[in-house]
Amino acid sequence: MTEPGTPFDQLGGESAVRALVDRFYDLMDLELAYADLRALHPAALDGSRDKLFWYLCGWLGGPNHYIERFGHPMLRARHLPYAIGNAERDQWMACMTQALRECGVDAGLAQGLRNAFQGTADWMRNRAG
Ligand code: HEM
């Protein structure tokens, strides 16, 4: 039996991470439910797409594209310019949950990823409410 790979491998490597990130930002543009989250982002999402893709590759146990380009992520510090409370966190999680589902990610893997995302998203909050 082969060892189970990293979450990066289980998801399907770079092309699958890219597809997940692209669906996540497409949904942010399309769905009214994520309008507040969308409003925090720049008008053009190309830079946001690339950064989240590079970051998630490493975060999932794949290549460290983000760190190679930008050094330590300091993710919480990089989010301080944006007011993030419970509502913003919940929209981020709902948008990612929908993207995972629509990309057909295996239910068990998706559940594990949601748990891990939830911890990071909680930690990103920088204001009450
Ligand atoms: C909790 C709710 C969150 C909100 C409202 C939020 C919002 C934002 C915004 C507005 C940006 C700037 C986009 C840009 O410069 O193009 C950003 C950047 C970023 N976010 Fe989030 N984010 C959240 C959670 C997360 C989570 C959970 C992750 C990772 C798992 C993440 C990863 C990133 C990365 C890697 C960047 C690029 C940072 C940089 O290099 O400037 N974010 N986020």
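The values are calculated or read from the model by the stated rules, or taken from the named source; none is laboratory data. Here the structure is a predicted model, which means the values were calculated and not measured. Counting neighbours? That spans all protein chains shown, and the Cβs are built from the backbone with ideal geometry, glycine included. With ligands, DNA and RNA removed, areas are computed over all heavy atoms of the protein, side chains included. Shrake-Rupley method; radii C 1.70, N 1.55, O 1.52, S 1.80 Å.
Assorted remarks:
- Among the conditions (1) within 29 Å of G129 (Cα to Cα); (2) under 14 Å from the mean Cα position of the chain (by Cα), A33 misses just one, which is (2).
- Complete set of residues in region 1-22 that are of a type in the set (A, V, I, L, M), surrounded by fewer than 18 Cβ atoms within 10 Å (Cβ to Cβ) and within 14 Å of L113 (Cβ to Cβ): A16
- Of residues in region 52-75 being more than 14 Å from the chain's Cα centre (by Cα) and open to solvent by 50 Å² or more (accessible area, probe 1.4 Å), the one nearest to the ligand (Cβ to nearest atom): F70
- Annotation: Y25 fulfils all but one of (1) open to solvent by less than 20 Å² (accessible area, probe 1.4 Å); (2) within 11 Å of the chain's Cα centre (by Cα); (3) away from the ligand (no atom under 11 Å from the Cβ); the unmet one is (3).
- Selection status of G85, without any contact (Cβ under 8 Å) to a residue 60 or more places away in the chain and on the phi > 0 side of the Ramachandran plot: no
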